[in-house]
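Peer 1: One structure coming up, written as structure tokens, with questions to follow.
The values are calculated or read from the model by the stated rules, or taken from the named source; none is laboratory data. Everything numeric in this text was worked out from a predicted model, so none of it was measured. Quick reminder, even Gly has a Cβ in these numbers, built from the backbone with ideal geometry, and neighbours come from all protein chains shown. All accessible areas refer to the heavy atoms of the entire protein, side chains included, with ligands and DNA or RNA removed. Shrake-Rupley method; radii C 1.70, N 1.55, O 1.52, S 1.80 Å.
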Amino acid sequence: MGSLKKYIVLRILTAIPMFFILITVIFFFLRILPGDPISAMYGGKLPAEYEAYLRHKLGLDLPYHIQYINYLRSLFMGDLGTSIYTKRPISREIMENLPATLELTIYGLAIALFVGITLGSSAAHRRGSKIDRLIRVYSVLTYALFIPWFGTLLQFIFGVYLHILPIGNRLDPTVDAPIRITGLYTIDALLTGNFLAFFSALRHLILPSLVLGIVLSGIFVRMTRENMIVILRKDFISFAKARGISNDKIIWKHALKNTLIPIITIFGLQFALLLAGAILTETTFSWPGLGSYLKLRIEYRDYPAIQGVIVVYAILVIIVSLIVDMIYAMIDPRIRY
Amino acid sequence: MMNTKIVEVENLRKLFPVQKSFLDRLLSKKIEYVHAVDDISFNIKIGEVFCLVGESGCGKSTTGYLIVRLLEPTDGKIIFRGIDITHIKGEELRKLRKEFQIIFQDPYASLNPRMKIGDIIRHPLDIHMIGTREERREKVLSMLKDVGLYPPEQFYDKYPHQLSGGQRQRVAIARVLVLQPKFLVADEPTSMLDVSVQANIVNLMMDLKRRFNLTYLYITHDFGIASKICDRIAVMYLGKIVEIGKREEVLGEPRHPYTIALLTSIPGRKIAGKKLKIRGEVPNAINIPIGCRFYARCPYKKDICQELEPKFTKLSETHYVACHNIEMIKKDWPTLF
Amino acid sequence: MTNQELLSIKNLSVVYNTTRGRLIAIDNFSLGLSEGEIISVVGESGSGKSTLGYAILRILPPNGKIVNGEIHFNGINIIQLSEKELRELRGKKISMIFQDPMTSLDPLMRIGDQIVETILEHEKMDKEEAWNIGANLLESLRIDSERMYDFPHQLSGGMRQRIVIALAIVLNPKVVIADEPTTGLDVIVQYQILDLLKRLRDERKISIIFITHDLGLAYDISDRIAVMYAGKLVELAEKNKLFDRPLHPYTQGLLKSIPELSIDSKNLVSIPGYPPDMVTPPRGCRFHPRCPIAMSLCRQKEPKLIEVEKNHYVRCFRSGEVAFK
Amino acid sequence: MNSGKKLSLHGMLQAISRVKIRRPITEEEWFITIGGSIIFLIFMMALLAPFISPYDPTIKTGASYQPPSWEHLMGTDKFGRDMFSRIIWGGRIPLVIGLVATIFSFAIGVPLGLLSGYFGGNFDRILSLVMDSIYSFPGLVLAIALAALLGSSVVNITVAIAVIYVPTFFRVVRGQVLSIKEELYVTAAISIGAKRRTIIARYIFPNTIPSIAIVFSLSIADAILTEAGLSFLGLGPVVPPVPDWAYDLQKWYGLAVSQGYWWLAFWPGFFIMLTVLGYSLFGEGLNEILNPMLREV
């Protein structure tokens, strides 16, 4: 398996240019389109000289290529600039908010995958049946849900009406946060044996991660169903049946594994949806993650902070595509390194 | 002086680079090639049916595609009616295409699913701006009749998916003949059709040959069909012609062990005499051995075969065989019938 | 057809529900298979020959249904078995080989694991034991047992089909249904596969139903040949009898349309027309629109399968008139 | 490989019947019909807003925070404005932005995809890289960035959303072209001497239409969600008191939960969902019928 290792190393190396391409594309995108952040932010409410001063301070009066070089240089140094509003380094602020987002996305993703794959597979091998129809309606319906609305609905039902689940934040106000190791409360709490914090964190995670998970599950249902329908038609499925392999094994072992391969590749690209969904979920549930941070900074027109968050999202996208490729390489024996 | 040859092929060669992933290219710079067609020469006389026979992957279809310039030759020369067409391009090639045409193997894939039958057959006339609108329609209708699709008016407005495989292949033939070409490559035109329909198409093609004074390069893996229609046969193995000659010579007194193995393996020969059984399968054409390409599977191999690639031995004015062991084979297989 | 038969199919009818209507893929089909016998079922696309294999193993696609008939194996009616009993039957008593060796194996599993999986599904033993059985089987089929560690994509077409055959017989089934097992393969490799199948019959007394569109291939491998047209069995006979004295005009046409290898004759004969649309098959004898000797009776009434001479069955009103040969 | 005729069981079924058999299409027609009707009704509602809305949506017409009643079918908000009227008017902006932005993405993405896929080479490589980068990046974040940095006028928002969905069209069309390009009927077109222009226009483009139709419908659904997301985050194109579903939802969802004024949040969100559902159902129905992967049998 030496070649697999080599592949992984090379793949990591190619992630670096990928990151720069992504960052560059976004950078030029924001500059090429007409408009200007300062006037967008303050809309002519400030004296012209002060606007000009702000532009100069942010380096927006320089030619594009100089701006780009400056931008890359500071990126390379790991410097995302200083917040206009708090005057604190943006990278530090982001690091404080990132774990909450990760925790939410991981739980949301787990729910989405579980629901998506179970329902998708069930629908595929009963294609055309009532169950299939029901599952397809579910998939379209969840896809159409607007996260803030769905979130509010659940908050209303479970938080206000039934009063059984918290509707915001990561912990009960009476519970202290666990000692920070990873920043993911559930994991940190378990690692430090702080079960009070663990259950509190888990209870707070239920609604937001359900919202995120259910809304995204529709897409996974669809992907699983479509791919499995194709796989189930292959001869090796018929051959497995002809050898007397049980239906469950055929579906959950042979068909599912083969179905997951295309899904994994698509997933790398669909991860973007998860991140976008997380922003809306966080704002709905006052979840102190990147999305909430972003919303807050939008309100304060904190230009460097917004740009910083974008960079972090780009890094997340790249990391996920890297992980996806590696899982893919490990699962599929046909891949050539 | 009239040239009696319509097509002359000299030292034709086609190498396909092996597709590599981006990472592969990073890992090693060496590009590997599939030697699809490797230095073959032959000519086709006006009015004859020249058969190219071989198993899948031997390069016979590639040869056909090269001659009608659907593929770019790597090396060698193709002369059509005295004109070197090896490297003509653009408009010149486009205009010349009227003269030589190809019928494809798969009638299910060779017709645009979104065009009506009438439009499919008329399209070549539109492209080369032959005749008026009315004349084109007339021409298409008479062509439909010529290929046995009655009543033509009814077929004119149908879509390909409404036709059977045999009918589709008739449409494909009509599309080609409407330009009144002189030379046709037929790339296994019946191999995807039912046996009972196969002969219809072959007979139609031979009938049209007489009526329109056509010359055929007929590519097939089926010696049975070749024996019914051809004047001369060339047998290919791994990109090389191993035996070439008149029909009676190649079928009656084959001298290459591969030809004999193919001929004696045809199923359902009631007069089955002895069989020449050979081992293994056709290897891939990437790493070509130095000596005879058939060496690994040959029951008649000698040491020299591994080191020296056999050149053509002339057995008669028309019969050539590339083998080091003709004498021994002559002894074992004096005649096949 | 007698009771000593290992597998006997009686009056089998299979129907597919399609958007265009009901499609009778197999209509009232009967056939018996004895121990160690190879029967070929020959037909063109749409004749129902592949459906036959799926029906015997009860693995028809969801829109396919057996609407009539019995399939007896060793006295058990397969049609009445529960899903659990069927699973025990499949692979262990009756097995099937599919057309395309390239797609018959799970691409993500090692060959060995697929063999082990099959064994463990039916027998109680540990993994290692099953692995050894698999390795021994491969050796006995003259396949290097190192292949157990390979993934399907590492094998050539012919080798894959050999592995597929190994997988199909690993539990020593009595009957193997081979559905066009050589279609994608070259003639020479095709012969190697035929040889392997014949050897299995000789050495292991496996009965084979060989489904093919190629009469020549059927002649080479089988003892008896059954010819199907448009869902119907039209002729059944011992292979030499069928080749020497075909009695159904379709069989005759099919035989003539095989381009026989010869250097003196140049004519190629064919059956006019095309196989029928199976949702709306012709009335009367299904072959009558293409038949050179059809009479008005053929257009109205469907002929029955009759035993014209001993063990030679034909479905044709004019089969008595050998003159048309 | 020159393998023989691939006769899977399903291929066989097709061969038997000579015509493409699809699974019963009634259900897909159902999806399309319901989806289409929803889209139609919502469009009619927005179009006829001046005639069907009972009140002026921007002024006080009743007491604050009235729950739904016969007078105010969907209740009133803090300023005593009629929610029902606001819902009827509030669809105009998201509907127009969704449609216009998708048309823009289509108009840019499809030709680029066709050319890039057909001609390949470095042009294709660079374009694909750029498109993939945008595609893999969360669309909402990109829209946020554009709206926050450039200003959130209707035009800017439309442009921002259009930009996000260009890669979707591009990728689908390019992928289709890459496979259609290898189809035998395209080779046949070359062999009869067709020009490149003809090949793209008559052989390749028509065969990409089914996929484009599916993507088009689903992209509108997506675009409306993105517009709603922007509005929800305070980057919407409307200036109060102009009604807009997502803006209203954003404004009141806190109160809806804390005070129990559920109608303030429920109806705006419900109509967003309904609209998106209409397009998704329509797209899903098309997909089941037109997607070649799912077809046959």
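Peer 1: Mind checking the mean number of beta-carbon atoms from other chains within 10 Å of the Cβ atoms in D:177-188?
Peer 2: If you average over the peptide's residues, the count of other-chain Cβ atoms is 5.
Peer 1: Would you mind telling me the share, in percent, of accessible area of the stretch B:5-230 contributed by carbon and sulfur at probe 1.4 angstrom?
Peer 2: Roughly 50 percent of what the probe reaches on the stretch B:5-230 is carbon or sulfur.
Peer 1: Same structure, new question: Once amide H atoms are built 1.01 Å from N in the peptide plane, which residues 5 or more positions from A:Leu80, or in another chain, come under 5 Å H to H?
Peer 2: Close amide H contacts, sequence-distant or interchain: A:Ile90, A:Ser91.
Peer 1: Please report the antiparallel percentage of DSSP beta bridges with both residues in the protein assembly as shown, rounded to the nearest 5.
Peer 2: The antiparallel fraction comes to roughly 60 percent.
Peer 1: Rolling a 1.4 angstrom probe over the protein heavy atoms, how many square angstrom per residue are accessible across chain D?
Peer 2: Details: 10950 Å² over 297 residues.
Here the residues of chain D average 37 Å² of exposed surface.
Peer 1: Could you work out the mean count of beta carbons from other protein chains within 10 Å of each residue's beta carbon in C:105-114?
Peer 2: Shielding by partners across C:105-114 averages 5.
Peer 1: Quote the accessible area belonging to C:Arg147 in square angstrom, nearest 10, computed with a 1.4 Å probe and with ligands, DNA and RNA left uncounted.
Peer 2: Around 80 Å² of this residue is reachable by solvent.
Peer 1: Of C:Lys174/C:Lys205; B:Lys182/B:Lys209; C:Lys65/C:Lys301; B:Lys14/B:Lys77, which ones are farther than 19 Å apart at the Cα?
Peer 2: Beyond 19 Å: C:Lys65/C:Lys301.
Peer 1: Percent of accessible area on the stretch A:94-299 owned by carbon and sulfur, 1.4 Å probe?
Peer 2: Values: 5280 of 7580 Å².
Whole-percent figure for carbon plus sulfur exposure: 70.
Peer 1: Pop the C-beta distance of B:Gln19 and D:Asp56 into the FRET formula with R0 = 51 Å and round what comes out to the nearest 0.05.
Peer 2: For B:Gln19 and D:Asp56, the calculated efficiency is 0.20.
Peer 1: With a 1.4 Å probe and every protein chain left in place, work out the accessible area per residue of the stretch B:107-195 in Å², rounded to a whole number.
Peer 2: 36
Peer 1: Moving to a separate point now. If you take every DSSP beta bridge whose two residues both sit in the stretch B:5-230, what share of them, in percent to the nearest 5, is antiparallel? Don't skip to the answer; put the middle values down first.
Peer 2: Working: 17 of 31 bridges.
Rounded to the nearest five, the antiparallel share is 55 percent.
Peer 1: Still on this structure, please answer the following. Largest first and in whole Å, what are the equivalent-ellipsoid semi-axes of the stretch C:208-314 based on the Cα gyration tensor, each being the root of 5 times an eigenvalue?
Peer 2: Working from the Cα gyration tensor, I get semi-axes of 23, 18, 13 Å.
Peer 1: I'd like to know which of B:His128, B:Ala234, B:Ile46 lies farthest towards the positive end of the charge dipole of chain B, counting +1 on Cβ of Lys and Arg and -1 on Cβ of Asp and Glu.
Peer 2: Value: B:Ala234.
Peer 1: On the accessible surface of the stretch C:5-229, probed at 1.4 Å, how many percent belong to carbon and sulfur atoms? Walk me through the numbers before you get to the answer.
Peer 2: Working: 3170 of 7290 Å².
Accessible surface attributable to carbon and sulfur in the stretch C:5-229 totals 43 percent.
Peer 1: So, one more: For the stretch D:37-43, what does the Karplus curve 6.51 cos²θ - 1.76 cosθ + 1.60, with θ = phi - 60°, yield as ³J(HN,Hα) per residue in whole Hz, taken in order and with x for Gly and Pro?
Peer 2: Those phi angles translate into 5, 4, 4, 4, 4, 5, 5 Hz.
Peer 1: Shifting gears a bit: Restricting to DSSP H runs of at least four residues, report the calculated mean residue ellipticity at 222 nm for chain B, -39500 (n - 2.57) per run over all residues, nearest 500 deg cm²/dmol.
Peer 2: After summing the helix terms and dividing by residue count, I get -9500 deg cm²/dmol.
Peer 1: If you don't mind, another one. Please work out the average accessible area per residue across chain A, using the 1.4 Å probe convention, and give it in Å². Spell out each step's value before the answer.
Peer 2: On the way: 14650 Å² over 337 residues.
Value returned for chain A: 43 Å² of accessible area per residue.
Peer 1: Follow-up question, since we're still on this one. Per residue, how big is the convex hull of the stretch C:189-266 when only Cα atoms are used? Give it in Å³.
Peer 2: 118
Peer 1: Here's something else I'd like to know. With no other cysteine's Cβ closer than 4.7 Å, which Cys residues of chain B count as lacking a disulfide-compatible partner?
Peer 2: Lacking a cysteine Cβ partner under 4.7 Å: B:Cys58, B:Cys298, B:Cys323.
Peer 1: Here's a follow-up. Within 10 Å, count the other beta carbons around each residue, average over each peptide in B:31-44, B:160-173, and list them highest first.
Peer 2: Numbers: B:31-44: 18.9, B:160-173: 22.1.
Descending mean neighbour count gives B:160-173, B:31-44.
Peer 1: How crowded by other chains is B:151-160, given as the mean number of beta carbons from other chains within 10 Å of each beta carbon?
Peer 2: Average per residue, whole number: 0.
Peer 1: Enumerate the whole-percent occupancy of each 10 Å bin, from 0 to the last occupied one, for all C-alpha pair distances of the stretch A:147-268.
Peer 2: Going from the shortest bin to the longest, the percentages are 12, 26, 21, 23, 15, 4, 0.
Peer 1: May I ask you to evaluate 6.51 cos²θ - 1.76 cosθ + 1.60, the Karplus curve with θ = phi - 60°, for each residue of the stretch C:18-26 and list the ³J(HN,Hα) values in order in whole Hz, giving x for glycine and proline?
Peer 2: Values, residue by residue: 10, 5, 8, x, 6, 10, 8, 7, 10 Hz.
Peer 1: What do you get for Rg/Rh of chain D when both radii come from the Cα atoms and Rh is the Kirkwood radius?
Peer 2: Computed over Cα atoms, the ratio is 1.08.
Peer 1: Can you list residues whose amide H is under 5 Å from C:Ile306's amide H, if they're 5+ apart or on another chain and H is modeled 1.01 Å from N?
Peer 2: For C:Ile306, the qualifying residues are C:Val314, C:Arg315, C:Cys316.
Peer 1: Follow-up question, since we're still on this one. Pop a pseudo-label 7 angstrom from the Cα along the beta-carbon direction at both C:Lys65 and A:Trp252 and give the gap in nm to one decimal.
Peer 2: 3.0
Peer 1: Check which residues have an amide H placed less than 5 Å from B:Ile103's amide H, if you skip close sequence neighbours.
Peer 2: B:Val185, B:Ala186, B:Asp187
Peer 1: Provide the buried accessible surface between chains D and C in square angstrom, both chains summed, 1.4 Å probe, rounded to the nearest 100.
Peer 2: The summed interface area works out to 1700 Å².
Peer 1: Also, I was wondering about something else. At a probe of 1.4 Å, how much accessible area disappears from chains C and A on forming the pair, both sides counted, to the nearest 100 Å²?
Peer 2: For C against A, buried area totals roughly 2200 Å².
Peer 1: Now for a different question. Which value, in debye to the nearest 20, describes the size of the charge dipole of the stretch B:256-337 about its Cα centre when Lys and Arg Cβ atoms bear +1, Asp and Glu Cβ atoms bear -1, and nothing else is charged?
Peer 2: Details: 14 positive and 7 negative charges, 86 e Å.
For this selection, approximately 420 debye.
Peer 1: Quick one: buried accessible area between A and D, total over both chains, 1.4 angstrom probe, nearest 100 Å²?
Peer 2: 5500
Peer 1: Oh, and also: Sequence gap at least 6, Cα distance under 8 Å: using those rules, report the relative contact order of the stretch C:5-229 to the nearest whole percent.
Peer 2: Reported relative contact order: 30 percent.
Peer 1: Continuing with this model, one more query. Write down, largest first, the equivalent ellipsoid semi-axes of chain B in whole Å, where each equals the square root of 5 times an eigenvalue of the alpha-carbon gyration tensor.
Peer 2: Its equivalent ellipsoid spans semi-axes of 36, 24, 20 Å.
Peer 1: Could you please state, rounded to a whole Å, how far the C-alpha centre of the stretch B:189-233 is from the C-alpha centre of the stretch C:194-252?
Peer 2: Cα centres, the stretch B:189-233 to the stretch C:194-252: 27 Å.
Peer 1: Also, I was wondering about something else. When the Cα centres of the stretch C:258-297 and the stretch A:235-298 are compared, how far apart do they sit, in Å?
Peer 2: Value for the Cα centre distance between the two parts: 53 Å.
Peer 1: Rounded to whole Å, give me the distance from the Cα center of the stretch A:64-123 to that of the stretch D:235-261.
Peer 2: 27
Peer 1: Also: Bin by bin, in steps of 10 Å, what percent of the Cα pairs in the stretch A:94-299 do you find, going until the bin that has the longest distance?
Peer 2: Result returned by the calculation: 9, 30, 29, 20, 10, 2, 0.
Peer 1: Which trypsin sites (Lys or Arg not before Pro) in the stretch B:222-297 sit in a loop by DSSP (not H, G, I, E or B) and have at most 12 other Cβ atoms within 10 Å of their own Cβ?
Peer 2: Filter output for the stretch B:222-297: B:Lys270, B:Lys274, B:Arg279.
Peer 1: With no solvent and one equal point scatterer per Cα, compute the Debye intensity ratio I(q)/I(0) for the protein assembly as shown at 0.04, 0.07, 0.09 Å⁻¹ and report its log10, rounded to two decimals.
Peer 2: Log10 I(q)/I(0), no solvent term: -0.29, -0.85, -1.25.
Peer 1: Here is a follow-up. Per 5 Å bin, what is the whole-percent P(r) computed from every C-alpha pair distance within the stretch B:264-337?
Peer 2: Per 5 Å bin, starting at zero, the Cα-Cα P(r) for the stretch B:264-337 comes out as 3, 13, 19, 22, 20, 15, 7, 1 percent.
Peer 1: Let me ask something else. Report the net charge of residues surrounding C:Asn132, where surrounding means a beta-carbon distance below 12 angstrom and charges are Lys +1, Arg +1, Asp -1, Glu -1.
Peer 2: Combined, the nearby Lys, Arg, Asp and Glu give -3.
Peer 1: Through the Karplus equation 6.51 cos²θ - 1.76 cosθ + 1.60, θ set to phi - 60°, convert the phi angles of the stretch B:207-213 into ³J(HN,Hα) values in whole Hz; use x for Gly and Pro.
Peer 2: 5, 5, 4, 5, 5, 10, 6
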